[in-house]
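*Asks:* Have a look at this one.
The values are calculated or read from the model by the stated rules, or taken from the named source; none is laboratory data. Worth saying up front: this structure is predicted, and the values here are computed from it rather than measured. Here the Cβ positions follow ideal geometry from the backbone for every residue, glycine too, while neighbour counts run over all protein chains shown.
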Amino acid sequence: MNHNQPNSLANNYFDDVYRANSDPWNFETSPYEHAKYAASLGALPRPHYPQALEIGCSLGVFTALLAGRCGHLLGVDVSEQALAQARRRCAGLPQVALQLLRVPDEFPTAEFDLVTLCEVGYYWNLADLARAAGRIAAAVPAGGHLLLVHWTPTVPDYPLTGDEVHEFFLQRTGPNGLWRHLAGQRHPQYRLDVLEKQ
């Protein structure tokens, strides 16, 4: 791990990205993204979650897919530009709420049976990742699930790699850990892990 502690990416970084391109990572059209969404949904251990939280909902493409498995789904993002698109996409889904929220500085007060942290963790430095992990753990009851999905190639702009994010959480699994590791997949360009709160 890089112990020089680079800064987490600033919130306005994302508004600038979305202003330049309404779908900067091709979430809407990329076969890679759609295969990853299918793998993510397929990895969830339960068919239905009463209360779910999606950290980094972006344009709401995965939000709209995940909503079918949730009684209530709160999608949060740091970019109002992205949330405007997510609101349009999820307008017909009454179980979805979308909110501008800067995790880990801000965090919803509810309890969640499922939290998804997908393509977000590497934007934080290690200190902010640790803070986010603590807030996630506090919000998930025993038996609740955490879905982690991250791109694994190194991106020079990002403080951490996807592998570093996942290893951080996996170090907190085991008989005396906060989490139990239920499933893991490694694909050519991303990895997926599902954890259960102990």
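*Asks:* So, in segment 108-135, how many residues would count as being touching a helix residue (DSSP H, G or I) at 6+ places or on another chain (Cβ under 9 Å) and closer than 17 Å to L160 by Cβ? Step through it out loud before you land on a result.
*Replies:* Filtering segment 108-135 for residues touching a helix residue (DSSP H, G or I) at 6+ places or on another chain (Cβ under 9 Å) gives 108-112, 114-124, 126, 129-130, 132-133.
In the following step, the residues that additionally are closer than 17 Å to L160 by Cβ were identified as 117-124, 126, 129-130, 132-133.
The total comes to 13.
*Asks:* Sticking with this structure for a sec: Quick one: in segment 1-46, which of the residues that are touching a Leu at 6+ places or on another chain (Cβ under 7 Å) and aromatic (F, W, Y) is modelled with the lowest pLDDT?
*Replies:* Among them, the one singled out is F27.
*Asks:* Take the residues in segment 115-130 that are within 17 Å of T173 (Cα to Cα) and out of contact with any strand residue (DSSP E or B) (no Cβ under 7 Å at 6 or more places or on another chain), then tell me which one is surrounded by the fewest Cβ atoms within 10 Å (Cβ to Cβ).
*Replies:* Ranking the qualifying residues of segment 115-130, first place goes to A130.
*Asks:* Filter segment 106-123 for residues that are more than 18 Å from P50 (Cβ to Cβ), in a loop (DSSP other than H, G, I, E, B) and either of a type in the set (A, V, I, L, M, F, W, C) or in contact (Cβ under 8 Å) with a residue 24 or more places away in the chain (or both) and give the result. Before the answer, list the steps.
*Replies:* Pass one, segment 106-123, residues more than 18 Å from P50 (Cβ to Cβ): 106-107, 117-123.
Add one more test, that the residue is in a loop (DSSP other than H, G, I, E, B), and what stays is 106-107, 119-120.
The answer is F107, E119, V120.
*Asks:* Could you go through segment 184-191 and let me know if any residue there is of a type in the set (G, A, S), more than 21 Å from A35 (Cα to Cα) and without any contact (Cβ under 8 Å) to a residue 60 or more places away in the chain. It would help to see each step written out before you state the result.
*Replies:* First, pick out the residues of segment 184-191 that are of a type in the set (G, A, S): 184.
With the extra rule that they be more than 21 Å from A35 (Cα to Cα), the set shrinks to none.
For segment 184-191, residues of a type in the set (G, A, S), more than 21 Å from A35 (Cα to Cα) and without any contact (Cβ under 8 Å) to a residue 60 or more places away in the chain: absent.
*Asks:* Looking only at segment 1-42, count how many residues are touching a Ser or Thr at 6+ places or on another chain (Cβ under 9 Å), farther than 19 Å from H150 by Cα and among the small types (G, A, S).
*Replies:* The number of residues fulfilling the criteria is 0.
*Asks:* Continuing with this model, one more query. Within segment 140-163, how many residues turn out to be touching a residue at least 60 places away in the same chain (Cβ under 8 Å) and closer than 23 Å to Y37 by Cβ? Let's see the steps before the verdict.
*Replies:* Of the residues in segment 140-163, the ones touching a residue at least 60 places away in the same chain (Cβ under 8 Å) are 145, 147, 149, 157-160.
Remaining after also requiring closer than 23 Å to Y37 by Cβ: 145, 147, 149, 158, 160.
Total satisfying the criteria: 5.
*Asks:* From H34, H48, grab the single residue that is touching a Cys at 6+ places or on another chain (Cβ under 9 Å) and without any contact (Cβ under 8 Å) to a residue 40 or more places away in the chain. Before you say what the answer is, go through the steps one by one.
*Replies:* Numbers: H34 fails: touching a Cys at 6+ places or on another chain (Cβ under 9 Å).
Exactly one of H34, H48 is touching a Cys at 6+ places or on another chain (Cβ under 9 Å) and without any contact (Cβ under 8 Å) to a residue 40 or more places away in the chain, namely H48.
*Asks:* Restricted to segment 151-198, and to residues that are outside any helix (DSSP H, G or I) and small (G, A, S), which residue is surrounded by the fewest Cβ atoms within 10 Å (Cβ to Cβ)? Working first, answer last.
*Replies:* Going through segment 151-198, the residues outside any helix (DSSP H, G or I) turn out to be 151-161, 171-198.
If we keep only those that are small (G, A, S) too, we end up with 174, 177, 183-184.
Values: G174: 12, G177: 14, A183: 14, G184: 14.
Step by step, filter segment 151-198, then rank; the result is G174.
*Asks:* Another question, then. Residues in segment 99-109: is at least one surrounded by fewer than 22 Cβ atoms within 10 Å (Cβ to Cβ) and of a type in the set (F, W, Y)?
*Replies:* yes
A quick yes/no check of all residues on (1) over 18 Å from the mean Cα position of the chain (by Cα); (2) within 28 Å of A127 (Cβ to Cβ); (3) part of a loop (DSSP other than H, G, I, E, B); (4) of a type in the set (D, E):
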residue: P6; (1), (2), (3), (4): yes, yes, yes, no
residue: Y13; (1), (2), (3), (4): no, yes, no, no
residue: E28; (1), (2), (3), (4): no, no, yes, yes
residue: Y37; (1), (2), (3), (4): no, no, no, no
residue: P47; (1), (2), (3), (4): yes, no, yes, no
residue: A84; (1), (2), (3), (4): yes, no, no, no
residue: R88; (1), (2), (3), (4): yes, no, no, no
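*Asks:* Still on this structure: With the checklist (1) farther than 24 Å from L192 by Cα; (2) in contact (Cβ under 8 Å) with a residue 60 or more places away in the chain in hand, flag the one item P94 doesn't pass.
*Replies:* (2)
*Asks:* Tally time: how many residues in segment 15-26 are hydroxyl-bearing (S, T, Y) and part of a loop (DSSP other than H, G, I, E, B)?
*Replies:* 1
*Asks:* Looking at (1) out of contact with any Phe, Trp or Tyr (no Cβ under 9 Å at 6 or more places or on another chain); (2) not in a strand (DSSP E or B), which one does L59 not meet, given that it meets all the others?
*Replies:* (1)
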